[in-house]
Each structure stands twice: as structure tokens, then as C-alpha cells.
Amino acid sequence: MKLMEGKRGVIFGVSNTHGIAYGIAKQLFEAGAEIAFTYAGEVMEKRVRPIAESMNAKVIMSCDVTKEDEVKAVFAQLEKTYGKIDFVVHAVAFANREDLTGDFINTSKEGWDLAMGVSAYSLVSLARNAQPIMNEQGSILALTYLGGEKVVANYNIMGVAKAALESSARYLADNLGKYGIRVNCISAGAVKTLAASGIDGFGKMLKAAVAKAPLKRNVALEDVGKTGLYLLSDLSSGVTGEIIHVDCGCHCVYASKEEMDLITR
């Protein structure tokens, strides 16, 4: 019997086969899970639907996570199709491109509200609507990044949004624990994805990560996908409120030997 056989859930945020959400979906599907997919608008549907259909999805729906009625519609359909579900993956984030360059101090109120709404509050909305139809020992997983803990050049408002996301996950873990539902985050290392391409100087971030990381490489989608599988399966039955770093150890190093050598020359 496969690890996720008989398990059903939904992923918000798959956009293509190069993203972290896809890496998690692939691992779940290969482990026997039934996965529902959402997409944001017609343009994204053209990308998401072929992926969803390749994984035999029974539910493929449009959903703007900032609109409560659309979120409710998704979970109503999931209940109609599956009855109960076992997991939810939150892989949704957005910020205006101009807010991912220059200085954070110049972030507009509109840019702040947009990034926080899409990237952080949406987790609260998804969790609230998921809880009534989640099985005990259900699992909710969100994706974050080191920029939520430390300053990363040009990550700016997205770093603040990720910090809010991580804190929200801890509060949700406390709220939902009485229902047997776990809430965790994966803090993935820098991965060359469509979303990451919007960050100014991302190529340098990838090189810096290799220099700093103890494993001396960038994290792969498979690395993150396997950790997602662990957190969404019964293997992590006692884990909640955690931020698990999957970044080849980059988060634990203040300055690598290579960096120190450059400073002393």
C-alpha cells in the first residue's frame, strides 16, 4: 500500500512543472494521493489544467484566494466530491514587481495590503474553510522562505508577508490542534521558479546560496517535494507549528568560508 493511498486533498498555487507546488504534487500523486487543483484565472488555467489532468484530478477550479466566496465554493465542491479531505497545500504568494526592487521603506500601502492579503491572510481563509471537512490527523502545509526570518536583498514586502504567514501558521496550529489538524510550513531554499524570476537579482541569490550552504548546492524540487510528502502524511503525525527548512543548510550559516575569504582579501 502506498503512503498516501486513500488520502485526498487540494493544492492552491501550482502554476507549472518547475515550481515547488508541482514538486510536492508530484510526490503526493506518486504516493497514491488524490489531488484537487485550483488556478487563478483563464491564463493560469491553460498551465494548470494539463498538470491536473495528468494526475487524474476530479476537481479543477478557478479560485482567487482573496475572495472568500470563491474559497468557499472550492471547499463546497471538495465536500461534494470527496466528503472529507486530508490535506491542504497553500502555495500562493504575490507582490507588485516594483515592491521587489529598491528599498523596503518605499513600499506603498496598496503594495503592502496586496502582498499581505494574497500571501498571508489567504492561509487563514483556507484553513477556516477547510476545517469543517478535514479528517482528524489532517494536515495543512504552507510555503515560506528565509526572507521571512532574515533580510534578503530585494525580497522586501514579500519577506514581511512570509513572516506573517509563518506566525499565522503557528496560531492556526494552536487553533486547529483540538480537531487533530496539523499546520506546518516548509522554508524552501532558493529555487529557479517562475515566481522567483520576479525578484531583482535572483541569479545572485542562487549563487550566494551555494556559497553559504553546507551541502554546497541549491535545493532541488525533489528535496522540497519529499519534505512536503512527509509533512502531509502520517509520518509527521506529531509535528505541528513547525517551520522546516529545506535549503541545504543555508539558513544555519552566518558566513561561509568563501564569503569570509572575500572579505579578508
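The values are calculated or read from the model by the stated rules, or taken from the named source; none is laboratory data. The structure displayed is predicted, hence computed values, not measured ones. With ideal geometry, Cβ positions are generated from the backbone for all residues, glycine too; neighbour counts draw on all protein chains shown.
The set of residues in the stretch 50-63 being in contact (Cβ under 8 Å) with a residue 12 or more places away in the chain and either part of a helix (DSSP H, G or I) or hydroxyl-bearing (Ser, Thr, Tyr) (or both) consists of 51, 52, 62. Entry remark, the stretch 210-262: residues being of a type in the set (A, V, I, L, M), assigned to a loop (DSSP other than H, G, I, E, B) and modelled with pLDDT under 95 number 6 in total.
Cβ-Cβ distances below 8 Å connect the following pairs, each with a first residue in the stretch 208-220 that is in contact (Cβ under 8 Å) with a residue 24 or more places away in the chain, a second residue that is acidic (Asp, Glu), and a separation of six or more residues or different chains: 209/247; 211/258; 211/259; 212/259; 213/247; 219/247. Do we find a residue being on the phi > 0 side of the Ramachandran plot and at pLDDT below 95 anywhere in the stretch 40-51? Within the stretch 40-51, one or more residues are on the phi > 0 side of the Ramachandran plot and at pLDDT below 95. Of the set (1) surrounded by fewer than 22 Cβ atoms within 10 Å (Cβ to Cβ); (2) part of a helix (DSSP H, G or I); (3) not acidic (Asp, Glu), all apply to residue 27 but (1). Residue pairs whose Cβ atoms lie under 6 Å apart, sitting 6 or more positions apart in sequence or on different chains, and linking a residue in the stretch 133-145 that is under 25 Å from residue 251 (Cα atoms) to a partner that is β-branched (Val, Ile, Thr) and assigned to a strand (DSSP E or B), are 140/88; 140/183; 141/89; 143/186.
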